[in-house]
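Notes follow the structure.
The values are calculated or read from the model by the stated rules, or taken from the named source; none is laboratory data. Here the structure is a predicted model, which means the values were calculated and not measured. Every residue, glycine as well, gets a Cβ built from its backbone with ideal geometry; the counts of neighbours run over all protein chains shown.
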Amino acid sequence: MSTRAKITGTGMYLPDRVVTNKDLEELMDTTDEWIRQRSGIVERRYIEEGQLPADLAEAAARRALEAAGLEADQLDCIILATLSAQAEFPGTSFFLQEKLGGTVPCFDLRAQCSGFLFSLNVARSFVVSGQYQRVLVVGCEVHSTGLDHSTEGRDVAVLFGDGAGAVIVEANTDETDRSDILEVRMHADGKYATKLWVESPGSGTFPKRWTQEIFDSRGHYPKMEGKFVFKHAVTRMPQVLRQTLDAASVKIDDVSLFLFHQANLRINEYVANQLEIPPEKIRNNIQTYGNCSAASIPILLSEAERDGALNRGDLVSLTGFGSGFSWASAVIRW
Ligand code: UT7
């Protein structure tokens with residue numbers, strides 16, 4: 001019998017510090033009303049001084065390990081998806097590995113808001129091919145230290161928050177257990193790379209990655225053409241979701257739970273309407289956590305499991321879109 005890839009545990013961690021829309025009104029020319037209406041966000045979490053990305057990742061990973069009944073030394077590999085790495089290099093995964101102990105192979109995967117789904121696909125391939133038995137997949141972001149909290153950066157700064165989510169993907173060879181990551185489909189279109197990006201520090205900036213001019217032109221802050229990104233998100237997400245379900249011969253009606261990336265509540269409502277998905281089959285948490293990029297989907301998944309919204313045997317659909325552009329969907333038999 002072929003090996004299946006089973007998610008055996010989930011975990012999440014959000015920093016304690018709550019930053020409300022009202023708090024942001026103190027920093028820039030924005031309003032609680034604008035942020036709620038345009039994005040659905042009410043508040044988000046930011047780290048405290050001294051908290052590191054690897055601390056968030058560790059807390060989420062330890063919860064996932066506990067849920068799976070595993071110790072860290074039983075892992076075969078760690079994949080960490082992030083766009084807000086702890087250092088230029090090495091990847092955040094190395095700092096996480098040091099915290100978990102041992103010398104298991106680890107690497108970061110950079111596919112922005114689709115990073116968790118891309119990583120899940122890599123983990124699935126490792127497990128199904130027989131190379132590894134147990135892979136930890138983490139989505140971890142600390143956006144707060146990289147945002148432009150002036151009025152100039154308000155279109156992006158109000159949207160993002162910090163957090164981490166994790167899953168354990170294990171080889172499943174039990175013939176009576178149908179739990180599996182059934183299909184994942186990934187897409188990318190680099191011609192839109194600069195529609196949502198941070199230019200610097202990057203080795204394309206000459207003669208040095210850091211210059212006064214870069215600072216002066218705010219090139220170290222994220223820039224986004226919001227409406228352009230929005231239009232692509234609402235087109236690509238339904239496409240890839242359908243493509244993935246079709247590949248698994250699953251109908252929309254058969255899916256118990258749809259979890260979308262948390263970039264904008266309006267994007268998710270639009271996608272749900274297009275696909276005629278009833279609201280009770282959808283969960284969002286952007287209202288309380290904002291957009292946590294690669295961490296949003298694993299946080300949603302972990303919340304769903306914690307709240308009893310996931311039962312073994314259920315079909316779950318995960319879909320994301322983000323910078324790159326990158327987009328992906330997965331369908332899982334829980
Ligand atoms: O996670 C990766 C994927 N990301 C996404 O999918 C995000 C996609 N884009 C969006 O979610 C939306 O485009 C935004 C929420 C970013 C913006 O919403 P919008 O309805 O597209 O607004 P807009 O950018 O067209 O801006 C409308 C107005 C502008 O003023 P004028 O030109 O009409 O006078 C902005 O300057 O709102 C202004 N504005 C703000 N006002 C108050 C922009 N940001 C703010 C703000 N507070 N924070």
**Item:** Tyr221, sole failed condition from (1) at pLDDT below 95; (2) crowded, with 16+ Cβ neighbours inside 10 Å
**Value:** (1)
**Item:** Cβ pairs under 6 Å, 6+ apart, first in segment 242-257 and of a type in the set (S, T, N, Q), second surrounded by 13 or more Cβ atoms within 10 Å (Cβ to Cβ)
**Value:** Gln243/Arg185; Thr244/Glu183; Thr244/Arg185; Thr244/Ser329; Thr244/Val331; Ser256/Asp314; Ser256/Leu315
**Request:** Select, from Ala263, Ala233, the only residue that is within 15 Å of the ligand (Cβ to nearest atom), among the hydrophobic types (A, V, I, L, M, F, W, C), out of contact with any Ser or Thr (no Cβ under 9 Å at 6 or more places or on another chain) and more than 25 Å from Asn172 (Cβ to Cβ).
**Result:** Ala233
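Residues are listed down the side, and each one gets a yes or a no for (1) hydroxyl-bearing (Ser, Thr, Tyr); (2) surrounded by fewer than 21 Cβ atoms within 10 Å (Cβ to Cβ):
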position: Phe160; (1), (2): no, no
position: Ala166; (1), (2): no, no
position: Thr173; (1), (2): yes, yes
position: His187; (1), (2): no, yes
position: Thr194; (1), (2): yes, yes
position: Ser217; (1), (2): yes, yes
position: Gln243; (1), (2): no, yes
position: Ile252; (1), (2): no, yes
**Request:** Check whether at least one residue in segment 68-85 is hydrophobic (A, V, I, L, M, F, W, C), over 16 Å from Ile168 (Cβ atoms) and outside the structural domain of Gly322 (by TED's automatic domain parsing), and report yes or no.
**Result:** yes
**Item:** Number of the condition not met by Arg236 [criteria: (1) of a type in the set (D, E, K, R); (2) touching a Pro at 6+ places or on another chain (Cβ under 8 Å); (3) surrounded by 16 or more Cβ atoms within 10 Å (Cβ to Cβ)]
**Value:** (2)
**Message:** Out of everything in segment 84-101 that is out of contact with any Asp or Glu (no Cβ under 7 Å at 6 or more places or on another chain) and part of a loop (DSSP other than H, G, I, E, B), what residue ends up being surrounded by the fewest Cβ atoms within 10 Å (Cβ to Cβ)?
**Reply:** Phe89
**Request:** Being within 16 Å of the ligand (Cβ to nearest atom) and without any contact (Cβ under 8 Å) to a residue 24 or more places away in the chain is the filter here, so list the residues in segment 35-49 that pass it.
**Result:** Arg36, Gln37
**Message:** Looking only at segment 122-141, filter to residues that are closer than 20 Å to Phe94 by Cα and charged (D, E, K, R); which one of those is surrounded by the most Cβ atoms within 10 Å (Cβ to Cβ)?
**Reply:** Glu141
**Asked** Pairs, please: C-beta under 6 Å, at least 6 apart or cross-chain, first residue in the same structural domain as Leu275 (by TED's automatic domain parsing) and in segment 223-241, second within 9 Å of the ligand (Cβ to nearest atom) and part of a helix (DSSP H, G or I)?
**Response** Met224/Val156; Gly226/Asp155; Ala233/Ile267; Val234/Ile267
**Request:** Check segment 7-19 and report whether any residue there is under 23 Å from the mean Cα position of the chain (by Cα) and within 16 Å of the ligand (Cβ to nearest atom).
**Result:** yes
**Request:** State yes or no: is Val156 surrounded by 16 or more Cβ atoms within 10 Å (Cβ to Cβ), of a type in the set (A, V, I, L, M, F, W, C) and under 28 Å from Leu65 (Cβ atoms)?
**Result:** no
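Okay, residues lined up against (1) more than 23 Å from Phe215 (Cβ to Cβ); (2) assigned to a loop (DSSP other than H, G, I, E, B); (3) within 14 Å of the ligand (Cβ to nearest atom):
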| site | (1), (2), (3) |
| --- | --- |
| Val104 | yes, yes, no |
| Asp108 | yes, no, no |
| Cys113 | yes, no, yes |
| Gln131 | yes, yes, no |
| Glu152 | no, no, yes |
| Asp155 | no, no, yes |
